[in-house]
Amino acid sequence: MILSNNNEEKYFVLTTSESTDIYKCHICRKMNSNSNQLFLVNEYYTNQITNSYLTIFTQLQGLKNFKSFTEIFTKDSKVYVVFNYINASLLKSKIENENPSIEERFKFLEAFCIALMKVEMLPLPLKCELLDSSNVNINSNDEIYFNYSLKLHKKANYVTSLDFTNRISDIIKMIFYNTKMPLCVRAIVNRLDEGSLNKLSNLYTAVQKLKDEYPQEKLDEELKSIALKKKNKRLIACIASIILLIGIPSTYYYLVRSEVIPAINIIKQDAPSQIINKIGTVEIKDY
């Protein structure tokens, strides 16, 4: 399939990664070009949601420090928004396939914060749409960066800062997928979910503090684990003693009943069969 803008510059579609009734995402290469650069082309059927983003998309051309945007054009009642595309590994796939250690996940979290700082200049609705697991990539140096498959879930003016912090929270949860999330990370996630941590600079500072907080948390958990093991050993010893005390008589009577061992004759004083009046030469008087 060939996509062409109003200047008839043509994009050859290599693959379509997503397709719905109102949105398609294409990975393309420019025709008649010797460059190996790939492009991600978002194709939108015009509707209320798409129209709410048109002004925002055109503003991307004026962001000097944002090099990922290529162009926007319309054709045949469709809107095309083009970004540079880098073919790389998804962070989500790396985590699911390799199950990295907690320490490695902390590095991913820090790299994610750095990537966020680099796109801080983007309008809020685009930053929110950007934070999808299908857009978060990682290279061989464990650096994280984004591709720009923007599905546009709701009108741009309906997107709030809480939507944005919730999306950040979702990516952090993905980073700690299939492992016990440290309490210090959980505290950050909770602040993001409630919207009290809504500045990227503050998020980065909070993540930096984890380097000091997590070792102490890990040490505390180890000490608690050791104390619990000691407590359990004492409890087991106590239970074993009780079982031993109860078990010896029970076992004895069971063996006697089963005639495995003979019963032990216990000497006892029988009641006298007649009245005794004298012991030796001493008479017993009833006073």
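The values are calculated or read from the model by the stated rules, or taken from the named source; none is laboratory data. Everything numeric in this text was worked out from a predicted model, so none of it was measured. Here the Cβ positions follow ideal geometry from the backbone for every residue, glycine too, while neighbour counts run over all protein chains shown.
Considering the range 196-210 alone, what residues qualify as being in a loop (DSSP other than H, G, I, E, B) and touching a Phe, Trp or Tyr at 6+ places or on another chain (Cβ under 9 Å)? Lay out the reasoning, then the answer.
The first filter runs over the range 196-210 and keeps only residues in a loop (DSSP other than H, G, I, E, B), leaving 196-199.
Within the range 196-210, 198 is the sole residue that qualifies.
Only one of 169, 149 is part of a helix (DSSP H, G or I), buried (at least 16 other Cβ atoms within 10 Å of the Cβ) and among the hydroxyl-bearing types (Ser, Thr, Tyr). Can you tell me which?
Values: 149 fails: part of a helix (DSSP H, G or I).
Every option except 169 fails the conditions.
If you check 55, 74, 70, which single one turns out to be under 18 Å from residue 150 (Cα atoms) and either basic (Lys, Arg) or not in a strand (DSSP E or B) (or both)?
On the way: 74 fails: either basic (Lys, Arg) or not in a strand (DSSP E or B) (or both); 70 fails: either basic (Lys, Arg) or not in a strand (DSSP E or B) (or both).
Unique residue meeting the criteria: 55.
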Problem set entry | Check on residue 72, in contact with a helix residue (DSSP H, G or I) (Cβ under 9 Å, 6 or more places away or on another chain), at pLDDT below 95 and closer than 27 Å to residue 200 by Cβ | yes
Exercise. Pick from 91, 63, 40: which is modelled with pLDDT under 95 and either surrounded by 13 or more Cβ atoms within 10 Å (Cβ to Cβ) or in contact with a Lys or Arg (Cβ under 6 Å, 6 or more places away or on another chain) (or both)?
Worked result: 63
Exercise. Taking only pairs six or more apart or across chains, which ones have beta-carbon atoms under 6 Å, a first residue in the range 172-190 that is among the aliphatic types (A, V, I, L, M), and a second residue that is part of a loop (DSSP other than H, G, I, E, B)?
Worked result: 174/133
For this session: Tell me, yes or no, whether the range 178-190 has at least one residue that is at pLDDT 95 or above and under 17 Å from residue 115 (Cα atoms).
Result: no
